[in-house]
1. Between Val86 and Glu130, with labels modelled 7 Å along Cα→Cβ, what's the label distance in nm to one decimal, could you check?
2. So for Tyr123, Tyr110, Tyr36, Tyr178, what's the accessible-area order with a 1.4 Å probe, most first?
3. What accessible area, in Å² to the nearest ten, does a 1.4 Å probe give for Glu48?
4. On average, how much accessible surface per residue is there in the chain, in Å², for a 1.4 Å probe, leaving out ligands, DNA and RNA?
5. Is it possible to state the helix-based mean residue ellipticity at 222 nm for the chain, with each DSSP H run of 4+ residues giving -39500 (n - 2.57), the sum divided by total residues, to the nearest 500 deg cm²/dmol? What is it?
6. I'd like the carbon and sulfur percentage of the solvent accessible area for the chain, probe radius 1.4 Å, heavy atoms only, ligands and nucleic acids excluded.
7. Just need the relative contact order of the chain here, percent rounded to a whole number, with Cα pairs under 8 Å and 6+ apart.
8. Can you tell me which of Met19, Met148, Met50 moves the most in a GNM of the chain? Springs connect C-alpha atoms under 10 Å apart.
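The values are calculated or read from the model by the stated rules, or taken from the named source; none is laboratory data. Treat the numbers as computed from the prediction; the structure is a model and nothing was measured. All Cβ positions, glycine included, derive from the backbone under ideal geometry; neighbour counts span all protein chains shown. Only protein heavy atoms, including side chains, enter the accessible area calculation; ligands, DNA and RNA are left aside. Shrake-Rupley method; radii C 1.70, N 1.55, O 1.52, S 1.80 Å.
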Amino acid sequence: MLLNHCLHHEVVEMLNTIMEEKDSYTAGHSKRVALYSSKIAHALGLDEEMQKVVYTSGLLHDIGKIVTPESILLKPKKLTKKEYAVIQRHATDSERILESIGNFRPYLSYIRHHHEFYNGQGYPDKLQGETIPLVSRILCVADAFDAMTTNRIYKPRKTNLEAIEELKKYAGEQFDPYIVDVANEFFKDNQELIDIHQNPQSEM
């Protein structure tokens, strides 16, 4: 049992490392999303086992970007509609990559649906409200917060307070309003991470 747990953890770390080596612009993003998501899950009163599920789902949520072309993934300018459609496939690509590993099957639905919007306008399946898995709704908030508070080549980071206001603005549309309320209490107290950026760390 211990061996299986260790192997499970090592495979997760390996996949995360492969993704971040390919996409130096988002290095650290998945670990921050995993951390934020697990803290939100704790604040929501989810038990320790579910907090671990949420954390692992956060680590793996973008793994499908392994198969996204670098020309799109690393593009420093705004994406075209066609390129954005390719980026959107990372949710289902993540599911496809992980579905052959039995231990990862419990996470598949959560990862597939982490870009569904509360109003039904997200992707890939346009799920709405509480038909979206709870873990996916948590990931959606954490993912957006980290994206907003990360410096990008084409877009400066927001402060925590600015990002919180943005989450509030889209609560009920993109985000579950209750999760936003709970998450914002954590984000208010979270230390500003001023060194988070997407500047390339390698020649690629």
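1. 4.0 nm
2. Solvent-accessible surface, decreasing: Tyr178, Tyr110, Tyr123, Tyr36.
3. 130 Å²
4. Numbers: 10950 Å² over 204 residues.
Value returned for the chain: 54 Å² of accessible area per residue.
5. Details: 10 runs with 113 residues, N = 204.
-17000 deg cm²/dmol, from helical runs alone.
6. Numbers: 5890 of 10950 Å².
After summing per-atom areas, the C and S share lands at 54 percent.
7. Details: 280 pairs, mean separation 41.8, N = 204.
Averaging sequence separation for qualifying contacts and normalising by length gives 20 percent for the chain.
8. Per the Cα network of the chain with a 10 Å cutoff, Met50 tops the list.
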